[in-house]
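Single-structure report; data block below.
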Amino acid sequence: MKHLIHAITALLVLVASQGYGLTLNVSDDTTANAASPRTSYRSAATLSAAASKTGPTKIIYVKFDLSNLPDGLLGAQIEKANLRVFCSSVKTPGAIAIAPVTSAWSEETVTGNKQPTRDEHEVSGIPITLNHRKRWVVVDITTLVRDWVDDYLPNHGVALLPEFMPGLSGVSAGFDSKENAATGHEPVIEISLFNTGAPGPQGVQGIAGSVGPVGPIGPQGIPGEKGDRGDAGPQGLPGIQGPVGQTGPSGPIGQQGLQGPQGEKGDKGDKGDPGSAGNVALSGMTSTRLSTLRWFPVNTAYSATNLGAGSLPNGICFDGSYIWIAESGDNQLSKLRLDGTLLGGNFPISVTGSPQFCVSDGDFIWVTRKTTNSVTRYNADSGASGGTITVGTSPSHICFDGTFIWVANAANLTKIKASDQTIQSGTYTVQTPRGMCFDGANLWVCSFSTNSVLKLDPRNGNVLGAFSVGTQPEAICFDGQRLWIANQGSNNVSCITQDGTPVGTYPVETSPAGIVFDGCAIWVTNSGSNTVTQLDHLTGSLIGTYPAGSSPTAICFDGNAVWITSKASNSVLRQ
């Protein structure tokens, strides 16, 4: 493509057009997932872009309807065309690129192994950072839209391609689709046209030109017969024209015309600076909580989904579209919609062996089975079993690093290649391993009995460092820059950098069991005090502590809400 642009900065502001504005709405949008080559994501609420260490694994395709453009519009009349996509979640920061699609497609037919053709990148190096979560990403594609309008290129839409470095994982982020009924932030193209303006008043009449010279006299004709006395002859030639007089003064200004029609509503302005702190009763107030009646601690009620007596929900995870719960009491795996309703049909899935924790690899849900010393994966669409693998003794916590599944057994780790379920050779000894997380380069593991966290090279399991934290570390999460560890025995949270340098220790309530980052805050479940604590991720200061059922254990974030398993209440809570 003739207009290659590198290292463009994706603006997080709304661009106000000086000319006439138009909006192109999306007609088709979907995700092509290489790891699930026959699956269609046409009805998914989230469009996903992701790359592994070897290349893109999830590519977004978006096509727009040009029918509301004025008839006869030329590309040269377009002043600016901005593609706007709403970033709902960022798992791994990185960059994306925009490429024109060059063959026909529809969201009904695109899958991982059936994708349209693409041209080279129109725009590349568009950064996607943790600060982009819950914000619009705006990219200038004016040249491409002009080519569509002039029929230089057919309009088959664009592809959003994750960029990556070989050997390192690329970006992993989610964007709202047109099927996302929760927010309605579907992709759009906003166009502004050059403003030609209304015709000006007629100018003053110019000065008349000079009369041209008289032509030469023709030859004398043959004498005719004497006629009657003729009429008087024509007037003689005019004299030489006098000099031009000075221009007269301008006439008075006319009356003001009628007011024109009201223009279109402008774009929403930038987010304002944070206001001053509120009183204690409304600590942690945000505009989102206010608009959705979720102010704390005035209203601390969570939406709850009852899973039935004796279910004892333990682990929880989000697969990009649904919430999954591992229930150790009734030996099953439940699947919830984002409104908290349970799916029927093939669900819940029977999982014997006291299922503990679960994780999604994008296509399958992996579940640890404590009493059978195994893990089983289940197809995220159909619920069908994808195979069972024997691991170590009493497996509990589980983690996905983009390529491998890591299982915490009683005294070691098991490493499984997600694509073919093969156990990887090697010795991965960790004393009483518990919660794990991946920071994009390293695997971090809580060592419950040694009061430390270990930093491992996921390629070979080598220990790169061991760092002291609080007493009995149980769970860990990554906020994009630092690690946060929930210490069950000392009732606090430790924060360290990626090189293990301590940042701070922050008190929570009794027996913290789970921890997650939602893009703005750190959430910690306190299983001994039946609460959840919210901390500022920049300072570690307390935002609030709220009731969370009975024995809250695991916690996850779906890009909009925090989900908590309330083990003794046999329910799942959604804030």
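Things to note:
- The stretch 122-141, subset over 13 Å from the mean Cα position of the chain (by Cα) and buried (at least 17 other Cβ atoms within 10 Å of the Cβ), residue farthest from LYS63 (Cα to Cα): SER124
- Of all residues in the stretch 540-552 being assigned to a strand (DSSP E or B) and surrounded by fewer than 22 Cβ atoms within 10 Å (Cβ to Cβ), the one that is farthest from the chain's Cα centre (by Cα): PRO547
- Verdict on SER419 being touching a Lys or Arg at 6+ places or on another chain (Cβ under 9 Å), touching a residue at least 12 places away in the same chain (Cβ under 8 Å) and assigned to a loop (DSSP other than H, G, I, E, B): no
- For the stretch 157-197, the set of residues classified as at pLDDT 90 or above, more than 16 Å from the chain's Cα centre (by Cα) and assigned to a loop (DSSP other than H, G, I, E, B) consists of GLY157 only.
- Conditions (1) farther than 22 Å from ILE325 by Cβ; (2) out of contact with any Leu (no Cβ under 6 Å at 6 or more places or on another chain); number of the one not met by GLY480: (2)
- Of all the residues in the stretch 439-496, those that are in contact (Cβ under 8 Å) with a residue 24 or more places away in the chain, surrounded by fewer than 21 Cβ atoms within 10 Å (Cβ to Cβ) and of a type in the set (Asp, Glu) number 2.
- Pairing each residue of the stretch 316-333 that is in the same structural domain as ARG377 (by TED's automatic domain parsing) with any residue that is of a type in the set (Lys, Arg) and in a strand (DSSP E or B), provided the two are 6+ apart or on different chains, yields C-beta distances under 7 Å for TYR322/LYS335; TRP324/LYS335.
- Residue identified as modelled with pLDDT of 95 or more, farther than 21 Å from LEU538 by Cα and charged (D, E, K, R) among ARG459, ARG434: ARG434
- For the stretch 491-539, a residue qualifies if it is over 28 Å from SER569 (Cβ atoms) and in a loop (DSSP other than H, G, I, E, B), and the qualifying residues are GLN498, ASP499, GLY500, THR501, LEU538, THR539.
- Pairs are defined by a Cβ separation below 6 Å, a sequence spacing of at least 6 or placement on different chains, a first member in the stretch 166-179 that is outside the structural domain of ILE126 (by TED's automatic domain parsing), and a second member that is of a type outside the set (Asp, Glu) and at pLDDT 90 or above; no pair meets this definition.
- The criterion of at least 1 residues that are among the hydroxyl-bearing types (Ser, Thr, Tyr) is met, among strands (runs of 3 or more DSSP E) falling completely within the stretch 430-471, by 443-447, 452-456, 463-468.
- Residue match in the stretch 562-573 (condition: surrounded by fewer than 20 Cβ atoms within 10 Å (Cβ to Cβ) and of a type outside the set (A, V, I, L, M)): no
- Residues satisfying the criterion are absent from the stretch 140-147 (criterion: at pLDDT below 90, in contact with a strand residue (DSSP E or B) (Cβ under 7 Å, 6 or more places away or on another chain) and polar (S, T, N, Q)).
The values are calculated or read from the model by the stated rules, or taken from the named source; none is laboratory data. Here the structure is a predicted model, which is why all the values come from computation and not from measurement. We place every Cβ from the backbone using ideal geometry, glycine too, and count neighbours over all the protein chains shown.
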